[in-house]
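One structure below.
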Amino acid sequence: MVDSAKEAAHRAASDAEQIAWVDEQDNLLGALVRSDLRERGLIGRGTYIMLFNSAGELCVHRRTLSKAIYPGYWDVAAGGMVLATETYAESAARELEEELGVSGVELTAHDHFFFEDTGNRLWCSAFSAVWDGPLILQPEEVLEARFIPIEQVMLEIQQKPYCPDSLAALKRYLRARGEDVAKEA
């Protein structure tokens, strides 16, 4: 019971955060509460950080059931909404530390793109980082995490629910590297 109360408090707090509200060209329009942005179908900013180990395996994690969007889904990237006062890079560093306990790593910027899905309209910036240390999971957001080969990720996305927004970031990353992503389509 304590865990669900803690998760509910965390969800309420994150839904009250002042998120960057942007237009169709990613120009900042102001700040809105996260839940208002979603309910009104407006556009926000999001970050996606693909975390690899030195063996080239990707960290995948399972989202908690209390998440407002894609609850219980697997995710190929840490990340989240950019606060109104943050840059994409600042948000990426904050989210990576919050969700997986990873800090002090070099973030490499990869792509900037628009993503739209039911209840989710975002300008997205994708980053990657390499980490061989321990993961410290944020229990309000992450149920479990593990590093697996990209090939295994591509097989799993056909069998398990994975977040479509972070998958879009991963597929764009792989295409830019010249890797074949047609197998998973």
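Could you list, in sequence order, the residues of region 25-66 that are of a type in the set (D, E, K, R) and out of contact with any Phe, Trp or Tyr (no Cβ under 8 Å at 6 or more places or on another chain)? Reasoning before the result, please.
Step one: of region 25-66, the residues of a type in the set (D, E, K, R) are 26, 34, 36, 38-40, 45, 57, 62-63.
Passing the criteria: Arg34, Asp36, Arg38, Glu39, Arg40.
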Output for region 46-58, where each listed residue is of a type outside the set (Gly, Ala, Ser) and either at positive phi or in contact with a helix residue (DSSP H, G or I) (Cβ under 7 Å, 6 or more places away or on another chain) (or both): Thr47, Tyr48, Ile49, Met50, Leu51, Leu58
Residue in region 81-88 that is on the phi < 0 side of the Ramachandran plot, acidic (Asp, Glu) and part of a loop (DSSP other than H, G, I, E, B) present: yes
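Counting only residues that are among the β-branched types (Val, Ile, Thr) and surrounded by 13 or more Cβ atoms within 10 Å (Cβ to Cβ), give me the strands (runs of 3 or more DSSP E) lying completely in region 106-168 with at least 2 of them.
On the way: elements: 108-117, 120-130, 142-148.
Strands (runs of 3 or more DSSP E) meeting the threshold: 142-148.
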Every residue from region 94-128 that is of a type in the set (Gly, Ala, Ser) and touching a Ser or Thr at 6+ places or on another chain (Cβ under 7 Å): Ala109, Ser125, Ser128
Boolean, Glu95 is surrounded by 19 or more Cβ atoms within 10 Å (Cβ to Cβ), more than 12 Å from the chain's Cα centre (by Cα) and over 15 Å from Val60 (Cβ atoms): no
Residue within region 171-184 that is over 14 Å from Val60 (Cβ atoms), in contact with an Asp or Glu (Cβ under 6 Å, 6 or more places away or on another chain) and in a loop (DSSP other than H, G, I, E, B) present: no
Residues located in region 133-184, provided they are small (Gly, Ala, Ser) and farther than 16 Å from Tyr73 by Cβ: Gly133, Ala176, Gly178, Ala182
Residue in region 104-149 that is modelled with the highest pLDDT, counting only those that are under 21 Å from Val22 (Cβ atoms) and among the hydroxyl-bearing types (Ser, Thr, Tyr): Ser125
Residues within region 107-125 that are closer than 17 Å to Cys163 by Cα, among the polar types (S, T, N, Q) and either touching a His at 6+ places or on another chain (Cβ under 6 Å) or without any contact (Cβ under 8 Å) to a residue 60 or more places away in the chain (or both), tallied: 2
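Any residue at all in region 92-106 that is of a type in the set (S, T, N, Q) and in contact (Cβ under 8 Å) with a residue 40 or more places away in the chain?
In the first step, residues of region 92-106 are kept if they are of a type in the set (S, T, N, Q); the result is 103.
Filter again for in contact (Cβ under 8 Å) with a residue 40 or more places away in the chain, leaving none.
The answer is no, given that none of the residues of region 92-106 is of a type in the set (S, T, N, Q) and in contact (Cβ under 8 Å) with a residue 40 or more places away in the chain.
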Among residues of region 78-93, those that are farther than 20 Å from Leu167 by Cβ and either of a type in the set (Phe, Trp, Tyr) or out of contact with any Asp or Glu (no Cβ under 7 Å at 6 or more places or on another chain) (or both), counted: 7
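Filter region 60-75 for residues that are part of a loop (DSSP other than H, G, I, E, B) and touching a strand residue (DSSP E or B) at 6+ places or on another chain (Cβ under 9 Å); which is nearest to Leu37 (Cα to Cα)? Full working, then the answer.
Within region 60-75, the subset part of a loop (DSSP other than H, G, I, E, B) is 64-73.
Now drop any that are not touching a strand residue (DSSP E or B) at 6+ places or on another chain (Cβ under 9 Å), which leaves 64-65, 69-73.
Numbers: Thr64: 21, Leu65: 21, Ile69: 13, Tyr70: 17, Pro71: 18, Gly72: 22, Tyr73: 22 Å.
In this case the residue turns out to be Ile69.
The values are calculated or read from the model by the stated rules, or taken from the named source; none is laboratory data. None of these values were measured; they are calculated from a predicted model. Positions of Cβ are backbone-derived with ideal geometry, glycine not excepted, and every protein chain shown enters the neighbour counts.
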